[in-house]
1. Taking the solvent-accessible surface of protein heavy atoms with a 1.4 Å probe, what is the per residue accessible area of region E:1-118 in Å²?
2. To the nearest 20 Debye, how big is the dipole of region B:1-90 about its Cα centre, given +1 on the beta carbon of each Lys and Arg and -1 on that of each Asp and Glu?
3. For peptide A:92-102, how many partner chain Cβ atoms fall within 10 Å of a residue's Cβ, on average?
4. Consider just the alpha-carbon atoms of region B:64-130 and return their Rg together with their Dmax, both in angstrom.
5. If amide H atoms are built 1.01 Å from N in the plane of the peptide, which residues on other chains or at least 5 residues away come under 5 Å of the amide H of C:ASP54?
6. Can you list the residues of region B:3-22 whose accessible area drops by at least 40 Å² going from the chain on its own to the full set of protein chains, with a 1.4 Å probe?
7. Express in nm, to one decimal, how much length is gained between D:LEU57 and D:PHE135 on full extension, taking 0.36 nm for each residue of separation and deducting their alpha carbon distance.
8. Considering the Cα positions of region D:1-41, please state its Rg to one decimal place and its Dmax as a whole number of Å.
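The values are calculated or read from the model by the stated rules, or taken from the named source; none is laboratory data. As the structure is a computational prediction, the values presented were derived from the model and not from experiment. In this analysis, Cβ positions are derived from the backbone assuming ideal geometry, glycine residues included, and neighbour counts consider all displayed protein chains. With ligands, DNA and RNA removed, areas are computed over all heavy atoms of the protein, side chains included. Shrake-Rupley method; radii C 1.70, N 1.55, O 1.52, S 1.80 Å.
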There are 6 protein chains.
Amino acid sequence: MIYITRRERFSAAHRLYNEDWEDQKNEAVYGLCSNPLWHGHNYDMWVTVKGEVDPVLGYLCDLKELSEIIKKNIISKVDHKNLNLEVEFLKGKMVSTENLAIGIWNELLPHIEALGVELHSVKIQETENNFVEYFG
Amino acid sequence: MIYITRRERFSAAHRLYNEDWEDQKNEAVYGLCSNPLWHGHNYDMWVTVKGEVDPVLGYLCDLKELSEIIKKNIISKVDHKNLNLEVEFLKGKMVSTENLAIGIWNELLPHIEALGVELHSVKIQETENNFVEYFG
Amino acid sequence: MIYITRRERFSAAHRLYNEDWEDQKNEAVYGLCSNPLWHGHNYDMWVTVKGEVDPVLGYLCDLKELSEIIKKNIISKVDHKNLNLEVEFLKGKMVSTENLAIGIWNELLPHIEALGVELHSVKIQETENNFVEYFG
Amino acid sequence: MIYITRRERFSAAHRLYNEDWEDQKNEAVYGLCSNPLWHGHNYDMWVTVKGEVDPVLGYLCDLKELSEIIKKNIISKVDHKNLNLEVEFLKGKMVSTENLAIGIWNELLPHIEALGVELHSVKIQETENNFVEYFG
Amino acid sequence: MIYITRRERFSAAHRLYNEDWEDQKNEAVYGLCSNPLWHGHNYDMWVTVKGEVDPVLGYLCDLKELSEIIKKNIISKVDHKNLNLEVEFLKGKMVSTENLAIGIWNELLPHIEALGVELHSVKIQETENNFVEYFG
Amino acid sequence: MIYITRRERFSAAHRLYNEDWEDQKNEAVYGLCSNPLWHGHNYDMWVTVKGEVDPVLGYLCDLKELSEIIKKNIISKVDHKNLNLEVEFLKGKMVSTENLAIGIWNELLPHIEALGVELHSVKIQETENNFVEYFG
């Protein structure tokens, strides 16, 4: 069993807030992160897949294909976007890094499996001081 | 003459657009960066000051004071903010990294001089692949 | 189950030595690291906690609270300190990165549990070329 | 149980190709990476070992010894070398990052065990956007 | 006057050697770097251009255009290539980082000027411990 | 004219204090940094030299020789040392990053000139958030 990780990056706007609460309560709970006029981040994303090395090809999977899957199914939907307003798979969810990681996992899962490998983890780094990991 | 640099960071939303143009023209010129629903970045900022080492204190200036000047005059105004809508010193300007660096220079200049040192440069990194430097 | 990691940093002096040995033996075993006049490092620390995403709040835990717990219980005790002479939870121990990670884990554990999440790991990086991880 | 990781680096040339195929098929499968005139990388390698902290010495193992084992058994054989033509433990293998990680694990295993600790993982980073991990 | 920098990356094989010398003398002078079977690196390249901010567009130049110029004129010629054997603008030169930076400067200069800005510097990093800068 | 930079690293203990002042005044002026029991850092140092590319050798200078000069004249004197008590060229000086950069410049200058190149700058990074540059 071998693990291979591909990093991709995107930049996006978002805010933390609960639709059922007024701005005042959102601010009390989420602080600056609930700014109704948005803020944003450069997100780093690491997608780790695992499996057996292909005896003929000599690798686990084609990294270029893996990268294209991530770009087509995730990056094109989140890069230079408003995560709260424009991303289908985050609709109705609090756009925390946690929910972002889970949402990305769910979006990627069928495409990674179609590649013939297993999805091991999705890691999202929001700033240099915090990141989230989801293993399904 | 010695040069000392302090790094501070902020996260913000913005878009590139010219108020005199329609969304269509803005998109043609600025591409994804003109998304009317915003996007955002983690910005890294390096402020470099220069001068002579103080013979009694043994340093150019108190780094803590330098950091507080940057935090009070810049970070508090841009962090977790919408750079287009909420930042006084960027009003009416295209919010490019270039104008951001120039705007921050102008805001900082009197406060750095009051500290008794010379402002040498402001460097703003928008993503790991591009940064802007302004020397006044 | 989701994992979230917070990085905090501190700078400190220390030396590697066994109190039961003379300086000569300490030097033979620990080399430059046993310098009786001390040396020091910038330590990077990553604290990883895990649990379920809170369905109302949309995150695992408040990162600001997590950061404050680490600052109050660890950073304030080790930053700009002599790890051998001034840190209660390292008294009588060889101040290796290993024992530092274990000591920090033990200090943090009750406070992390009080936050309602599980402590998963403490990672301490001493230089860019070596780090230690402890999972309890 | 504590985990300690040592990073070492090397620079080498290689190409991806299957000896049983002509250049044309190799290029179709491996793209630019199969260039018959070679290309190369700076490889970062993290070797993680685990075990109990020695109660007398206060650490898991001597990091300097660990580093010397890696340098003697791996770095000296791969640094500034052609991985396809000059490395005994890669002979007859497709020189992917996957096979590199597995080959390094096999080379290191007896020497790490002789040090009295357990080999936990070998991680090889080929570019800033991809790395491979092997756990045996 | 504002300075903007774009980073691009490439991976390549090379060796240091003087064609007029035998392998033995090359090895005596250049050490491991003269390995006749090649070695390689991940090269990081920073291209800095300068000029006045365009009053209508609000930036110095279109970063995407700058990136495309670098990719078309440099990256496509050096990435996954053998710098000694396959790169026209390095023919007959010792492929040091110094000559690489000078060669890239000369290749880029007319294209950067055609973009309406001034080329300020080319910086090439060969490993994390050394880089070269050329200002024309 | 070409510029080449070599990075070297060291770890050391120090404190900021003025010998003419009592501990109380030192603490008032330098804060935590004046801890009489010391603290420490991992210091990153970049030494930049400049000159013409040697037409026969194809480089500015032998990077290995440059590295050895830095190691012999600086690293061996400061690494794993107490900068206030054990470093001849800092005796009687406030051990700020500024004075460290100036002291290292003065130590290196004759040796760099003996190598046949010009010393351009010494840059010392004390933490990821601050660094000092000295150009003589």
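1. On the way: 5020 Å² over 118 residues.
Normalised by residue count, the accessible surface of region E:1-118 is 43 Å².
2. Numbers: 11 positive and 15 negative charges, 63 e Å.
Rounded to the nearest 20 debye, it is 300 debye.
3. The mean count of partner-chain Cβ atoms within 10 Å per residue comes to 4.
4. Using the Cα atoms of region B:64-130, the pair Rg, Dmax is 12.2, 34 Å.
5. C:TYR59, C:LEU60
6. B:TYR3, B:ILE4, B:THR5, B:ARG7, B:ARG9
7. 25.4 nm
8. 15.9, 50
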